[in-house]
Amino acid sequence: KGRAGQASIQPGASLCREPLAVNDTAARLAPRPASRIGLVAGVKLVLTRPRTLTLYTRAGCPLCEEMAAEVRALIAGTGHNLGYVDVDADPLLKAQYGWEVPLLFDGDVEICRHQINLPAFQEWLRLNSGP
């Protein structure tokens, strides 16, 4: 128990707003909880978890450069990051994606391919940003 007037958090208690299902395809594809809400010394805290998106690209690809600029602009100020993977640097990725670049992923979930899908990306932002 916490001191008088302070909230205490039990070991193993989740601060997530929504529990995650286990071994369920829908749960695996669902967005991960973007924030946790806790109470410390009577003050409400919101802890966001920034995500790192992956842009599969190749050198000299104008579509890749365009998507990178659009994504950077859309995630500016959100805490999210954008990482780059050159498919030509890895023979397996080159074989898997060939000319299908750019591709934007969150983990192993594809968000869009070839050009930004603004409605899909805005939905991703809505689900993966703070409250």
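Each reported figure results from applying straightforward, stated rules to the coordinates on display, with no laboratory input. Treat the numbers as computed from the prediction; the structure is a model and nothing was measured. Using ideal geometry, Cβ is built from the backbone for each residue, glycine included, and neighbour counts are taken over all protein chains shown.
Label separation (ASP86 vs GLN115): 2.7 nm, computed from points 7 Å beyond Cα along the C-beta direction.
What ranking of PHE121, PHE105 emerges when the number of other C-beta atoms within 10 Å of each C-beta is taken as an exposure proxy, fewest first? Please list the in-between numbers first.
On the way: PHE121 19, PHE105 16.
Arranged by neighbour count, lowest to highest, PHE121, PHE105 become PHE105, PHE121.
Ordering THR57, THR78, THR52 from the fewest to the most neighbouring beta carbons within 10 Å gives THR52, THR78, THR57.
If we count other beta carbons within 10 Å of each Cβ, what is the order of ASP86, ASP108, fewest first? Walk me through the numbers before you get to the answer.
On the way: ASP86 15, ASP108 8.
Listed from fewest to most nearby Cβ atoms, that is ASP108, ASP86.
The distance between label points at LEU63 and GLN122 comes to 2.3 nm (points 7 Å beyond Cα on the Cα→Cβ vector).
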